């Protein structure tokens with residue numbers, strides 16, 4: 001059974017569940033295609049370094065600070081807001097992102 005509504009067509013599969021098709025492409029195929037296309041075009045953002053403007057210590061996202069509870073690969077956005085610099089106690093807002101090339105790496 002099929003009904004039309006603009007470019008979308010509603011059909012039922014063998015179990016009689018309605019499926020929305022767009023220009024003849026099933027939702028499953030469209031979802032698989034979109035997921036693979038997005039994955040193929042998405043590059044992970046490079047890790048950044050953050051400099052404490054109070055004491056100068058650098059937080060490297062790639063290395064993390066495991067002894068402070070921040071595993072390697074922890075992005076700055078995932079560091080808790082109540083986290084403090086292990087050297088001087090500065091709050092997260094006291095850190096500034098620095099370009100890795102500026103850090104000499």
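The residue of the stretch 54-68 that is surrounded by the most Cβ atoms within 10 Å (Cβ to Cβ), among those that are touching a strand residue (DSSP E or B) at 6+ places or on another chain (Cβ under 6 Å) and part of a strand (DSSP E or B), is 59. Filtering the stretch 70-91 to residues that are over 20 Å from the mean Cα position of the chain (by Cα) and either modelled with pLDDT under 90 or surrounded by 10 or more Cβ atoms within 10 Å (Cβ to Cβ) (or both) leaves 83, 84, 85, 86, 87, 88, 89, 90, 91. Based on this model, can you work out whether residue 39 counts as exposed (fewer than 11 other Cβ atoms within 10 Å of the Cβ) and modelled with pLDDT under 85? Yes, satisfied. Cβ separations smaller than 8 Å between residues 6+ apart or across chains give the following pairs from the stretch 60-89 residues that are on the phi > 0 side of the Ramachandran plot to residues that are surrounded by 12 or more Cβ atoms within 10 Å (Cβ to Cβ) and not in a loop (DSSP other than H, G, I, E, B): 64/70.
The values are calculated or read from the model by the stated rules, or taken from the named source; none is laboratory data. Here the structure is a predicted model, which is why all the values come from computation and not from measurement. Please note: Cβ atoms are built from the backbone with ideal geometry, for glycine as well, and neighbour counts cover all protein chains shown.
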